[in-house]
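*Asks:* Please find one structure pasted underneath; my questions will follow.
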Amino acid sequence: MTVIRHILVVLALVSGASVSYGIDLLTGAPANKLDIAVDSVMFRDDVTRVYCRILGRPHTSQRIDCASLMVNGAELNGTDIDGVDFERYFQWEDDGCIPLEIDFAPTRESDKIQVKLLTVRGIVSSPSVTLRNGKAVK
C-alpha cells in the first residue's frame, strides 16, 4: 500500500509540474515580442538596403519568414536578409539585439519608410521612420 501511495504522490507531482509548465508557456508567449529599430537606408541603383536592429527577449527563439518595405506609396518585398535567415528559427543572444541588413528592389529616395516583418507570431511593423540623408531621425 505504501508503494502505491508513493507512486500516486510522484504522479501528482509530475502532473502538477507539467500543468505549471504549460501555464508558463501560455503566459510567456507574448514575452517573445519582437521590435524593429531602423538605423539607416541606402538607396542605390541596384538595391535598397535597410540597416536595422531587431530586439527581443534573450534566450528565446523567433523566425522571420519575409520582410516588406513601405516606401514612396509602394510595398516592396525583401529579396535578401543578413543577420538571420528567412524561414529559419534563430536564438536571441544575451543582449536581445540582432543587427540586420535587409535588401529590397531599388527605388527612388524617400524621407519616410516603414519596415514590416512576417514572423511565426504575426506581422511586426516598425514605426514610420523619418530619414535625413539616409539616416533615421531619432
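*Asks:* Please go through region 29-45 and pick out each residue that is closer than 20 Å to VAL129 by Cα, surrounded by 14 or more Cβ atoms within 10 Å (Cβ to Cβ) and of a type outside the set (D, E, K, R).
*Replies:* Selection gives LEU34, ILE36, ALA37, VAL38, SER40, VAL41, PHE43.
*Asks:* Need at least 3 residues that are open to solvent by 50 Å² or more (accessible area, probe 1.4 Å) per element, so show me which strands (runs of 3 or more DSSP E) inside region 46-124 make the cut, counting only ones lying wholly within it. I'd like the intermediate steps shown before the answer.
*Replies:* Working: elements: 48-56, 61-71, 74-82, 89-91, 97-104, 112-119.
Passing ranges, in order: 48-56, 61-71, 74-82, 112-119.
The values are calculated or read from the model by the stated rules, or taken from the named source; none is laboratory data. As the structure is a computational prediction, the values presented were derived from the model and not from experiment. Cβ atoms come from the backbone with ideal geometry, glycine included; neighbour counts cover every protein chain shown. With ligands, DNA and RNA removed, areas are computed over all heavy atoms of the protein, side chains included. Shrake-Rupley method; radii C 1.70, N 1.55, O 1.52, S 1.80 Å.
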